[in-house]
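> Sharing a structure with you now.
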Amino acid sequence: MTHGAPTNIPTHGPDDLVVRGAHVLDPASGLDGVMDVRVSGGRVAEVGEGLRGTRSLDADGLHLFPGFTDVHAHWRTPGREDEETVETGSAAAAAGGFTGVVMMPNTDPVIDRPVVVSGLVRRVEGESRVRAYVSAALHEGLKGERLTEMRLMREAGAFCVSDDGLGTQSAGVLRNAMLYAKDAGMPVILHCEDHTLATGVVHEGVAAALAGLPGSPGSAEDVATATALVLAAETGARVHVTHVSTALSAALVGFFKGNVPGADVTADTTPHHLTLTDELVRTLEGMYRVNPPLRPEGDRLGVGGALRDGILDFVATDHAPHASEEKDLPLEEAAPGFLGHETAFSALYTELVLGGHLSLERLVGAMASAPGAWVGDGAGRIAEGAPADLALVDLSEEWTVRGEGLLSRSGNSPYIGRSLKGRIVGTMVGGELVQDRTGARFGSRA
Amino acid sequence: MRARNLLSLEETSRAELREVLDLAREHAAGPLDRPLAGKTVCLAFFEASTRTAVSFELAARRAGADVISLSEKGSSLEKGEGLIDTVVTLDSLGADAIVLRHPAAGAARIAALHTGAAVVNAGDGRGQHPTQALLDLHALSDRFGGFDELIGRRVAVVGDVLHSRVARSVIPAFRAAGMELAIVAPRTLLPLEADAWGLPVLPSVDDAIDWGADVLYALRLQKERMTGGSPRVPSVPEYARYYGVAKRHLAAGALVMHPGPVNRGVEVAGDVVLDASSLIPDQVGSGVAVRSAVLALTMGAVPSRVAA
Ligand SMILES: [Zn+2]
Ligand SMILES: [Zn+2]
């Protein structure tokens with residue numbers, strides 16, 4: 001048995017559905033052209049031209065990608081179901097083309113005991129529309145002191161471990177945690193932040209200076225990233241550095257990947273760090289508080305270049321719903337975090353692909369292939385036998401992000417009011433359409 | 001004549017082990033004719049250890065030696081007298097053997113450079129604890145029916161190898177006796193170079209049983225490995241689940257050993273400690289005879305049996 005693989009998706013879907021005539025783009029399988037994909041028993045059965053099946057879905061003019069995987073999301077369950085539930089979080093994920101999501105453990109209670117892991121796994125099985133992976137805590141209460149029962153939690157269904165939301169302050173503590181996670185056979189997702197440096201609420205730069213906001217310097221992230229990378233290399237643990245937001249941290253990741261053979265390291269950055277800058281904090285609005293903070297243009301470009309070059313492996317949204325009473329506040333008093341699932345592809349397509357900074361192929365690689373390979377189970381590719389997890393996208397659709405149009409239970413998207421291009425039309429998980437804006441395109445012709 | 005020392009078993013040989021165990025068997029069989037009469041054995045314990053100290057003292061007295069005991073409490077050792085000064089003093093007082101327990105690895109080796117007396121290492125830091133491994137071999141030989149019966153037996157050393165002087169003596173000594181070894185421990189309780197001994201590292205006691213272990217040698221887990229500044233183990237339930245010896249492990253006939261004192265329910269389940277498969281009482285019981293033999297050999301006192 002593969003521990004930690006989500007069990008909420010039935011392996012048997014409706015038989016024989018042909019997605020007909022979409023432009024299939026899958027960097028992992030080397031597919032790029034108009035063709036048909038036949039789905040059967042929850043898996044991809046066939047890729048080719050003129051395929052036959054009992055049902056078909058006319059996808060002329062649409063693009064078909066492998067379903068996206070988001071390795072960083074906060075579905076606020078258990079404890080803050082007023083902000084997000086497994087049901088609404090997974091609906092939001094499906095609306096964004098995500099077919100796999102890793103749920104972070106900073107809930108209430110924290111996911112730091114086997115019994116809590118089992119409880120969440122059961123909830124996911126009953127409620128999630130997409131494949132949901134449980135990240136357990138690396139330390140009890142995320143406090144960076146006592147190790148959690150990682151091996152027992154893995155047996156209870158946890159997929160990986162993380163103290164996300166907090167950095168680990170002691171290198172000695174982090175090193176033992178990495179060694180222990182390696183034994184438990186789980187990857188470690190690290191939120192790299194040195195809390196002795198990160199004392200502010202925004203990036204310590206020109207915008208903070210002019211706005212009069214307490215800043216946290218880029219070094220708060222860079223010092224912790226360097227520590228994490230050094231320890232990853234020495235321990236050989238499987239380490240994933242999440243939400244890289246500075247050019248220097250991205251360069252450090254690149255250095256370790258290129259020069260340190262023992263380092264089993266991957267890294268992601270977020271849609272917001274790729275598309276927004278700390279100029280926004282000049283508004284002083286609580287909406288724009290996020291951690292790591294929005295950075296200056298130089299960091300945005302550095303991180304974008306690293307994603308383009310594959311130094312940063314993929315994109316993860318850090319989907320972080322917050323109730324309006326936590327966001328409609330002065331920036332200094334607001335909770336940090338943005339919604340991410342529903343706007344990720346559109347924002348990146350609009351800003352980076354149409355802006356000429358990233359190829360569509362690399363974007364699909366960064367949202368589907370690479371994070372899919374990271375979670376395993378054949379995710380992130382369209383190939384015979386692979387799970388039928390697919391995203392059907394209309395690249396020509398233009399839409400304006402509106403709070404009331406979002407499926408998340410919260411409304412804290414920094415893109416509200418923006419006009420974006422490219423939108424998810426349908427999302428299929430295990431052969432089932434879990435998000436369907438296809439306008440009843442099902443045909444009956446065999 | 002310069003005395004022999006027992007400092008380490010790192011480079012020990014089958015012949016050397018057999019010599020000690022043969023003599024220990026004689027000591028265990030019945031009273032010998034005071035082979036150490038007229039000798040002075042000095043116990044210098046820079047670290048508290050009632051069990052080991054008592055065992056050595058009994059071993060020396062049974063063999064007829066005079067015993068001077070310096071323990072950490074209430075002596076010059078407590079006042080911070082240095083290792084070398086103590087050894088030199090004992091040497092001048094005419095000690096024939098110095099039994100040394102010290103918190104730093106290598107202490108016995110240094111002591112031996114400053115005295116003509118025989119030095120017996122009774123445990124130095126994370127370094128060596130040779131008499132423990134010898135009494136373990138004595139207990140095992142008894143159970144398996146002779147020293148030669150140890151050849152080819154499989155022993156899994158389970159637990160905190162990183163901090164264990166017992167492991168650093170047991171591993172080379174058991175190997176020299178012809179046994180096959182494996183380690184069962186989390187990486188947090190192993191040296192970073194876990195391959196230092198060239199032994200397989202297994203993830204649980206269950207895996208050790210699958211590997212074919214005849215003996216499960218559990219090491220003591222200090223409770224502070226779970227707390228403190230950099231914890232290495234999450235909890236008793238998780239440790240016991242993967243690294244604890246439980247009743248189910250005995251079904252295939254494996255024997256259980258532990259250098260003591262046992263944390264019941266942590267390294268060894270409570271109902272296993274006194275099970276028929278447990279060699280733990282035999283280990284303790286082997287201590288005096290083995291230590292008498294070691295003292296006799298290091299001081300060159302060849303014993304003769306009391307005429308019946
Ligand atoms: Zn974070
Ligand atoms: Zn997060």
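The values are calculated or read from the model by the stated rules, or taken from the named source; none is laboratory data. What you are looking at is a predicted structure, and each value in this text was computed from that prediction instead of being measured. Quick reminder, even Gly has a Cβ in these numbers, built from the backbone with ideal geometry, and neighbours come from all protein chains shown. We work out accessible area using only protein heavy atoms, side chains counted, and drop any ligands, DNA or RNA first. Shrake-Rupley method; radii C 1.70, N 1.55, O 1.52, S 1.80 Å.
> In segment A:141-155, which residue that is surrounded by 21 or more Cβ atoms within 10 Å (Cβ to Cβ) and without any contact (Cβ under 8 Å) to a residue 60 or more places away in the chain is nearest to A:G167 (Cα to Cα)?
Of everything passing the filter in segment A:141-155, A:L142 is nearest to A:G167 (Cα to Cα).
For (1) among the small types (G, A, S); (2) closer than 27 Å to B:A139 by Cβ, each residue gets a yes or a no:
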| position | (1), (2) |
| --- | --- |
| B:V170 | no, yes |
| B:A182 | yes, yes |
| B:W197 | no, yes |
| B:V205 | no, yes |
| B:W211 | no, yes |
| B:R220 | no, yes |
| B:E224 | no, no |
| B:G229 | yes, no |
| B:V233 | no, no |
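> Having 2 or more residues that are open to solvent by less than 10 Å² (accessible area, probe 1.4 Å) is the bar; report the helices (runs of 4 or more DSSP H) wholly within segment A:264-368 that clear it.
Of the helices (runs of 4 or more DSSP H) lying wholly inside segment A:264-368, those with at least 2 residues that are open to solvent by less than 10 Å² (accessible area, probe 1.4 Å) span A:271-275, A:297-308, A:344-348, A:360-364.
> I need the full set of residues from segment A:148-170 which are touching a Ser or Thr at 6+ places or on another chain (Cβ under 8 Å), modelled with pLDDT of 95 or more and facing chain B (nearest Cβ under 10 Å), in order please.
A:E149, the sole residue that qualifies.
> Also, I was wondering about something else. All but one of (1) of a type in the set (A, V, I, L, M, F, W, C); (2) touching a helix residue (DSSP H, G or I) at 6+ places or on another chain (Cβ under 6 Å); (3) more than 16 Å from ligand 2 (Cβ to nearest atom) hold for A:L210; state the number of the condition that does not hold.
Answer for A:L210: the failing condition is (2).
> Further question: Which residue is nearest to the other protein chains (Cβ to nearest Cβ), if the candidates are limited to segment A:171-192 and must be within 16 Å of A:E221 (Cα to Cα) and buried (at least 22 other Cβ atoms within 10 Å of the Cβ)?
A:L174
> Let me ask something else. Of the conditions (1) within 12 Å of chain A (Cβ to nearest Cβ); (2) touching a Pro at 6+ places or on another chain (Cβ under 8 Å), B:E238 fails just one. Which one is it?
(2)
> Of a type in the set (S, T, N, Q) and open to solvent by 20 Å² or more (accessible area, probe 1.4 Å) - does that describe any residue in segment A:74-84? Write out each step before concluding.
The initial filter retains those residues of segment A:74-84 that are of a type in the set (S, T, N, Q), namely A:77.
Narrowing the set further to residues that are open to solvent by 20 Å² or more (accessible area, probe 1.4 Å) leaves none.
Looking for residues that are of a type in the set (S, T, N, Q) and open to solvent by 20 Å² or more (accessible area, probe 1.4 Å), one finds none in segment A:74-84, hence no.
> Residue pairs, Cβ under 6 Å, 6 or more apart or interchain, first in segment B:185-213 and among the hydroxyl-bearing types (S, T, Y), second open to solvent by 30 Å² or more (accessible area, probe 1.4 Å). List them.
Between residues of segment B:185-213 that are among the hydroxyl-bearing types (S, T, Y) and residues that are open to solvent by 30 Å² or more (accessible area, probe 1.4 Å), the close pairs are B:T188/B:R232.
> Could you list, in sequence order, the residues of segment A:124-140 that are within 14 Å of chain B (Cβ to nearest Cβ) and either within 16 Å of ligand 1 (Cβ to nearest atom) or touching a Phe, Trp or Tyr at 6+ places or on another chain (Cβ under 9 Å) (or both)?
Listed by number, the residues that qualify are A:A136, A:A137, A:L138, A:H139.
> Condition first: assigned to a loop (DSSP other than H, G, I, E, B) and farther than 26 Å from A:V244 by Cβ. Now tell me which residues in segment A:75-101 satisfy that.
Hits for segment A:75-101 are A:T77, A:P78, A:G79, A:R80, A:E81, A:D82, A:T85.
> Considering only residues of segment A:240-273 that are more than 21 Å from A:G215 (Cβ to Cβ) and either within 16 Å of the chain's Cα centre (by Cα) or within 16 Å of ligand 2 (Cβ to nearest atom) (or both), which is farthest from the other protein chains (Cβ to nearest Cβ)?
A:P271
> If you take the residues in segment A:156-189 that are among the hydrophobic types (A, V, I, L, M, F, W, C) and in a loop (DSSP other than H, G, I, E, B), which one is nearest to ligand 2 (Cβ to nearest atom)?
The extreme case among them is A:L166.
> Could you list, in sequence order, the residues of segment B:48-92 that are assigned to a strand (DSSP E or B), modelled with pLDDT of 90 or more and either open to solvent by 30 Å² or more (accessible area, probe 1.4 Å) or not assigned by TED's automatic domain parsing to the domain that holds B:N121 (or both)?
Within segment B:48-92, B:D66, B:I68 qualify.
> Out of (1) away from chain B (no Cβ under 11 Å); (2) closer than 24 Å to A:N291 by Cβ; (3) modelled with pLDDT of 95 or more, what's the single condition that is false for A:V121?
It fails just one condition, (2).
> Going by what's in this entry, would B:R232 be described as more than 14 Å from every other protein chain (Cβ to nearest Cβ) and either surrounded by fewer than 19 Cβ atoms within 10 Å (Cβ to Cβ) or assigned to a loop (DSSP other than H, G, I, E, B) (or both)?
Criteria not met by B:R232.
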